[in-house]
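Presented below is the structure to which this report refers.
The values are calculated or read from the model by the stated rules, or taken from the named source; none is laboratory data. Being a predicted model, the structure only gives us computed values, none of them experimental. Heads up, the Cβs are rebuilt from the backbone with ideal geometry, glycines too, and the neighbour counts pull from every protein chain shown. Keep in mind that these areas ignore ligands, DNA and RNA; they rest on the heavy atoms of the full protein, side chains included. Shrake-Rupley method; radii C 1.70, N 1.55, O 1.52, S 1.80 Å.
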Amino acid sequence: MIKIGVLPFNPFQENTIVVSDETGECIIVDAGNYNAQENAALSKYISDNGLKPAMAVNTHGHVDHMLGVNHVKETYHIPFAIHGKDKFLIESAPTHGAIYGFQVDKVPTVDIDLEGQKELKFGNTTFRIIETPGHTPGHIALYNPENKLLLTGDTLFRESIGRTDLPGGDYSWIMRSILDKLIPLGDEVRFYPGHGMESTIGHETLYNPFVTEVLNNEINYK
């Protein structure tokens, strides 16, 4: 049985997501904890639930999603995994982070390149890795078919999508990712995004304006 913990961190209210199963193993997805209080809140959630972190995983490399990666790597002695096409964002975090007022003193080392990988495993749980470029070139989503559970990062939000005006962003790519890869997973799939509230694929096909304008043939996104 999968359990999801969502902890909004840093001024961007980025959703740091802890995914665990019955073994007690967990992965920390998009660790955005930025200060001592947020570090403590994440550690408290992990200890209160008796969890053993196995990996830090990022859906993409934007600074608000990686601020806490070094902390969790050093605290729990775990590897850091991200798609190789987003390594440039990790490496440039001190520079692009400063634009948004974030101080990044140390860039985390990438231990596992997820480019071309099909699955991510921990405990008794397997997530499919779905490449969803558009918000960034190496953006991924994580999908667990058994529980119809999806982590979308900043590709798909409740009634919105990720911005595509940052370096490496592309509107046609993100729409292809959403419409060709995520929507076909099924209406009943529940997803947790990188910001904001959880939702379902079915809800987005009815109420997400970026999705419905394409499904209703109001625009051609390609």
Through the Karplus equation 6.51 cos²θ - 1.76 cosθ + 1.60, θ set to phi - 60°, convert the phi angles of segment 63-76 into ³J(HN,Hα) values in whole Hz; use x for Gly and Pro.
4, 5, 9, 10, 4, x, 4, 4, 4, 6, 4, 6, 6, 10
So which GluC sites (Glu not before Pro) in segment 3-87 end up in coil per DSSP with only 13 or fewer other C-beta atoms within 10 Å?
E22
Once phi is turned into ³J(HN,Hα) by the Karplus curve 6.51 cos²θ - 1.76 cosθ + 1.60 with θ = phi - 60°, what whole-Hz value does each residue of segment 17-27 show in order, with x for glycine and proline?
10, 9, 10, 10, 10, 5, 6, x, 6, 8, 10
With each pseudo-label sitting 7 Å past Cα toward Cβ, what's the T212-H77 distance in nm, one decimal?
5.3
Surface accessible to a 1.4 Å probe, per residue, for the residues of the chain, Å²:
44
Any residue on another chain or 5+ positions along whose placed amide H is under 5 Å from the amide H of G138 is listed here as D86
Specify which labelled value, from (i) 1.04; (ii) 0.95; (iii) 1.08, agrees with Rg/Rh (Cα atoms, Kirkwood Rh) derived from the coordinates of the model shown.
(ii)
Can you compute the modelled spin-label distance between D180 and D113, with each label point 7 Å from Cα toward Cβ, in nm?
2.3
Roughly speaking, to the nearest percent, how much of segment 100-222's 1.4 Å accessible area is carbon and sulfur?
46
Whole-Hz ³J(HN,Hα) for each residue in segment 123-138, computed from phi via Karplus 6.51 cos²θ - 1.76 cosθ + 1.60 with θ = phi - 60°, x for glycine and proline: what do you get?
x, 9, 10, 10, 10, 6, 9, 10, 6, 10, x, x, 5, 9, x, x
Given a 1.4 Å probe and the protein chains all in place, what does the accessible area of R158 round to, in Å² to the nearest 10?
90
Which residue, I201, F127, P184, has the largest displacement toward the positive end of the dipole of the chain when charges sit on each Cβ (Lys, Arg +1; Asp, Glu -1)?
F127
Lysine-lysine proximity count for segment 1-135, Cα under 23 Å, sequence distance 8 or more or distinct chains:
19
Report in % the part of the accessible area of segment 1-72 that belongs to carbon and sulfur, leaving out ligands and nucleic acids; probe 1.4 Å.
57
Treating only the Cβ of Lys, Arg, Asp and Glu as charged (+1, +1, -1, -1), what charge dipole size does the chain show about its Cα centre? Round to the nearest 20 debye.
200
Work out the charge dipole of segment 39-101 with +1 on the Cβ of Lys and Arg and -1 on the Cβ of Asp and Glu about the Cα centre, then indicate which of L42, V63, P53 is farthest towards its positive end.
P53
Tally the DSSP beta bridges in the chain and give the antiparallel ones as a percent, rounded to 5.
70
